[in-house]
């Protein structure tokens, strides 16, 4: 679904500053069909409220590990059932990444509590890595 320009009426520089992005990122997203800003005098891009939400969605999806193609598929898929399938697949992948990150965080926490000179000799540290060594 293409966004429309509604209030507020912001320039590319204002939008970039609001989101902490370089303007070339917004231009790239437009070139790959993720953004559709309105055009004002002399072809200048103007962004409305719908664009703000679309950019926020793109950023959040990128933070979750979505590719730009995945983001476009979610945002532009007209069939709600297909959009749910795409999102379910992304949710599963994100859940797996979160689990791996949580396991890594737990190992770091064990290492932080270790008082051994050589952390590799610490029985608690070794125990925290046992599942990984077991072929997982």
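Points worth noting:
- Condition check for residue 24 on (1) on the phi < 0 side of the Ramachandran plot; (2) part of a loop (DSSP other than H, G, I, E, B): one failure, at (2).
- The sole residue among 88, 50 that is over 30 Å from residue 133 (Cα atoms) and not assigned by TED's automatic domain parsing to the domain that holds residue 132 is 50.
- Considering region 72-85, the residues that are loosely packed, with under 15 Cβ neighbours inside 10 Å and in contact (Cβ under 8 Å) with a residue 12 or more places away in the chain include one that is farthest from residue 14 (Cα to Cα), namely 78.
- Search result, residues across region 63-87 that are out of contact with any helix residue (DSSP H, G or I) (no Cβ under 7 Å at 6 or more places or on another chain) and assigned to a helix (DSSP H, G or I): 63, 68, 69, 72, 76, 80, 81, 82, 84, 85
- Odd one out for residue 76 among (1) more than 15 Å from the chain's Cα centre (by Cα); (2) within 19 Å of residue 21 (Cβ to Cβ): (2)
- When residue 13 is tested against (1) more than 21 Å from the chain's Cα centre (by Cα); (2) part of a helix (DSSP H, G or I); (3) at pLDDT below 95, exactly one condition is not met: (3).
- Any hit, region 95-104, residues being in contact with a helix residue (DSSP H, G or I) (Cβ under 7 Å, 6 or more places away or on another chain) and surrounded by 14 or more Cβ atoms within 10 Å (Cβ to Cβ): no
- Flag if residue 69 is touching a strand residue (DSSP E or B) at 6+ places or on another chain (Cβ under 8 Å), surrounded by fewer than 15 Cβ atoms within 10 Å (Cβ to Cβ), free of Cβ contacts under 8 Å to residues at least 40 places away in the same chain and outside the structural domain of residue 99 (by TED's automatic domain parsing): no
The values are calculated or read from the model by the stated rules, or taken from the named source; none is laboratory data. If you're wondering where the values come from, they're calculated on a predicted model, not measured in any experiment. Cβ atoms come from the backbone with ideal geometry, glycine included; neighbour counts cover every protein chain shown.
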